[in-house]
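Notes follow once the structure below has been shown.
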Amino acid sequence: MNAINHVSVKDRLKSYTRSPLSLILFLLVSLAALLTFVTLLFLIGYILIKGIPYLTPELFAWEYNSENVSMMPAIISTLIMTVLSLLIAAPLGIFAAIYLVEYAKRGNKIVNVVRITAETLSGIPSIVYGLFGMLFFVTQLKWGYSILSGAFTLAIMILPLIMRTTEEALRAVPDSYREGSFGLGAGRLRTVFRIVLPSAVPGILAGVILAVGRIVGETAALLYTSGTVAKVPDSVFSSARTLAVHMYSLSREGLNTNEAYATAVVLLLVVILINWLSGFIAKRIAKG
């Protein structure tokens, strides 16, 4: 097996040397991959080196004050904001994608309008979403600066992302799966939920992971909707700050820069943990 792999690599290198253009493209692709890896490694290493020395027990105290600048209220608020935003956006995005792929007729004008709208929404800057959330949820609906206002604003932000990734995941499922299910007498609803959706779960979870990353890292929209109160929220109508807003507030004040780096380390670990859990769940569902 190793000999076969060795021969194939040698043959591949010979083919590159025979064609200068192929060699140039191979070197450019390899260089781009190397630069991406080095940049990611540098960012992670920089954050860890600058933040780990300042991870102290005081940063995880239950209450925030000017002496400990605890991030525990921000961690709890981040988890609540993430779960609430996904509960709002994920069902809407997934069901909309199911309709577009499985039920709507191909070439339907409404489908094209929905797709163009989703692509347009995904390109709008987050601060515009924040201003909309402040004018509609905070002011018009009188929810005030609250977790609920921030969650609905973030749900609108991530809805196009979840919808488009789910749509692509459903399209990637071979039509033979659907035809086999129909041939066995299953209806469209049973085929979608028993055959198509389980096969598309890894792709759908990939979109959810991207959405979680955007929720956890969002700052501008939440400054206008959920506020910056550093306190464990009593309800969804309480103002609160997420980890990203907490890190921004500490770095903006300039008095707790080291603690801001420590918050960045925790934020990085939270994102890695969420990605690992999502991948683990996707593998378990795929095997089941």
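The values are calculated or read from the model by the stated rules, or taken from the named source; none is laboratory data. Since the structure is predicted, the reported quantities are computational estimates derived from the model, not experimental observations. Cβ: placed from backbone, ideal geometry, glycine included. Neighbour counts: every protein chain shown. In case anyone asks, the SASA skips ligands and DNA or RNA and just uses the protein heavy atoms, side chains included. Shrake-Rupley method; radii C 1.70, N 1.55, O 1.52, S 1.80 Å.
The residue that is farthest from the chain's Cα centre (by Cα), counting only those in segment 56-70 that are buried (at least 16 other Cβ atoms within 10 Å of the Cβ) and within 13 Å of residue 258 (Cα to Cα), is 68.
Restricting 98, 75 to those that are within 30 Å of residue 262 (Cα to Cα), part of a helix (DSSP H, G or I) and open to solvent by less than 40 Å² (accessible area, probe 1.4 Å) reduces the list to 75. Checked against (1) open to solvent by 20 Å² or more (accessible area, probe 1.4 Å); (2) at pLDDT below 85, residue 214 passes all but a single condition, namely (2).
Of everything in segment 126-144, what is open to solvent by less than 80 Å² (accessible area, probe 1.4 Å) and without any contact (Cβ under 8 Å) to a residue 24 or more places away in the chain? Give them in sequence order. Matches in segment 126-144: 128, 141.
Table: residues versus (1) aliphatic (A, V, I, L, M); (2) within 30 Å of residue 266 (Cα to Cα).
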{"site": "122", "(1), (2)": "no, yes"}
{"site": "135", "(1), (2)": "yes, no"}
{"site": "138", "(1), (2)": "yes, yes"}
{"site": "152", "(1), (2)": "no, yes"}
{"site": "162", "(1), (2)": "yes, yes"}
{"site": "189", "(1), (2)": "yes, no"}
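Candidates 104, 186: the one that is at pLDDT below 85, touching a helix residue (DSSP H, G or I) at 6+ places or on another chain (Cβ under 6 Å) and over 27 Å from residue 278 (Cβ atoms) is 104. Annotation: residue 163 fulfils all but one of (1) touching a Ser or Thr at 6+ places or on another chain (Cβ under 6 Å); (2) open to solvent by less than 20 Å² (accessible area, probe 1.4 Å); (3) not acidic (Asp, Glu); the unmet one is (1). Here residue 264 clears all of (1) open to solvent by less than 40 Å² (accessible area, probe 1.4 Å); (2) modelled with pLDDT under 85; (3) closer than 28 Å to residue 60 by Cβ; (4) among the small types (Gly, Ala, Ser) except the condition numbered (2).
Being modelled with pLDDT of 85 or more, open to solvent by 80 Å² or more (accessible area, probe 1.4 Å) and more than 30 Å from residue 257 (Cα to Cα) is the filter here; which residues of segment 1-55 pass it? Passing the criteria: 28, 29, 31, 34.
In this structure, does residue 120 turn out to be in a helix (DSSP H, G or I) and open to solvent by 50 Å² or more (accessible area, probe 1.4 Å)? It is true that residue 120 is in a helix (DSSP H, G or I) and open to solvent by 50 Å² or more (accessible area, probe 1.4 Å).
For residue 245, indicate whether it is part of a helix (DSSP H, G or I) and among the β-branched types (Val, Ile, Thr). Considered against the rule, which asks whether it is part of a helix (DSSP H, G or I) and among the β-branched types (Val, Ile, Thr), residue 245 comes out as yes. Listed by first and then second residue, the pairs linking a residue in segment 180-194 that is at positive phi to a residue that is in a helix (DSSP H, G or I), with Cβ atoms under 8 Å apart and 6 or more places separating them unless they lie on different chains, form an empty list.
Segment 168-225 holds no helices (runs of 4 or more DSSP H) entirely within its bounds that carry 3 or more residues that are in contact with a Gly (Cβ under 6 Å, 6 or more places away or on another chain) and within 20 Å of residue 280 (Cα to Cα).
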